[in-house]
1. Pick out the long, greasy-scoring helices in the chain: whole DSSP H runs spanning 20 Å or more along their own axis by Cα, mean Kyte-Doolittle at least -0.5.
2. Among (i) 1.35; (ii) 0.99; (iii) 1.28, which one is Rg/Rh (Cα atoms, Kirkwood Rh) computed from these coordinates?
3. For a quick check of your reading of the filter: which GluC sites (Glu not before Pro) in the range 59-152 sit in a DSSP loop and have no more than 15 other Cβ atoms within 10 Å?
4. As a test of the formula, what do you get for the chain when each DSSP H run with n ≥ 4 contributes -39,500 (n - 2.57) and the sum is divided by the residue count, at 222 nm and rounded to the nearest 500 deg cm²/dmol?
5. If you plug each phi of the range 98-103 into the Karplus form 6.51 cos²θ - 1.76 cosθ + 1.60 with θ = phi - 60°, what whole-Hz ³J(HN,Hα) values come out, in order, with x for Gly and Pro?
6. Can you give me the relative contact order of the chain as a percent, contacts being Cα pairs under 8 Å and 6 or more apart?
7. So what's the gap between the Cα centers of the range 186-218 and the range 90-135, to the nearest angstrom?
8. Which pairs in the list 126/197; 102/167; 97/167 are over 22 Å apart, alpha-carbon to alpha-carbon?
Amino acid sequence: MKDKFFLMIALVAFLLTAVAAQQTDSAKPPKVRVSQAVILSLLSHRVNPEYPDEAKADGISGTVTMRLEIDTEGHVAQADVLSGHPLFVQPAIDAVKQWQFKPFTLHGEPAEVETTAALYFGLPQKLRVSQGVMAGNLVRKVDPHYPEEAKAKHIRGDVILQATISKEGKMIRLTPVQGDPLLAQAAMEAVQQWEYKPYLLNGNPVEVETTVTVRFRM
C-alpha cells in the first residue's frame, strides 16, 4: 500500500513537471522565419571565413549554405550546414558564430529568428587598375639609372612593365612586357622601390595589377 502511495506521488510530480514544461514551451514565442536578404540588412559585425590552405592549393571554390538560429540579442545561437564542400564547413561555422546582428523586432519586441546564409569561398582575384589611376596613388618614385652600355649604344625608348602591387602599396612582382633588355633591367630595379597608397575597393585595400611605363631619353 505504501509503495502504491509513493508511486502515485511520483506520477503526480512527473505530470506536474511535464505540464509546467509544456506551458513554458507554449509561452515561449516561436522563431520567426526571415529571408536571408532581410537578416543581412541587420548584420552589424561580420567575420569572413578563413580560406583553407588545402582548398587554395587544389584550386577548390564553392558555396556553403547554412541554417541559422539567431537569438533576441542578435547572436548566432545555432549554425547548421545544409550544403557545401567538406573543407569549407568548419571555417564557415567558425566565422558565422562570430556574426552579430541588430535584434529583429516583431510587434515592437525582439524575436528569435530562423534564416539561411550562403558563404562563398573563392580564390581572390587581382583587381586590374589603369596606369593613370595608379599614378595618382604613387607616393615614392625612384628614377632609373641610365645604363652606360645603353648610352654608348645610343639605346633609348620606353620600357613597359607588368606590375603587381600589394594591399600595402608595395611592389610584389614586375615583368617586362616591352623595351630593350638593357633598359628593362634598369627600369625594374628602380620601379621595384616605388611605393603607392593602398588602392581601396569598397573601403578595403586590395591587391592590384597595372602597367608601368618608364621612359629613357638621352
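The values are calculated or read from the model by the stated rules, or taken from the named source; none is laboratory data. Source: prediction; values computed, not measured. A quick note on method: Cβ atoms are made from the backbone with ideal geometry, for glycine too, and the neighbour counts reach across all protein chains shown. Accessible surface areas use protein heavy atoms only, side chains included; no ligands, DNA or RNA. Shrake-Rupley method; radii C 1.70, N 1.55, O 1.52, S 1.80 Å.
1. On the way: long enough: 2-27 (37 Å, 0.97).
The answer, listed by residue number, is 2-27.
2. Read-out taken from this structure: (i).
3. Numbers: sites: 69, 73, 112, 114, 148, 149; in loops: 73, 112.
Sites meeting the loop and neighbour criteria: 73.
4. Working: 7 runs with 69 residues, N = 218.
-9000 deg cm²/dmol, from helical runs alone.
5. Result, ordered by residue: 9, 5, 10, 10, 6, x Hz.
6. Values: 381 pairs, mean separation 40.5, N = 218.
Result for the chain is 19 percent.
7. For the range 186-218 versus the range 90-135, the Cα centre distance is 31 Å.
8. Details: 126/197 16 Å; 102/167 31 Å; 97/167 27 Å.
Going by Cα-Cα distance, 102/167; 97/167 fall outside the 22 Å limit.
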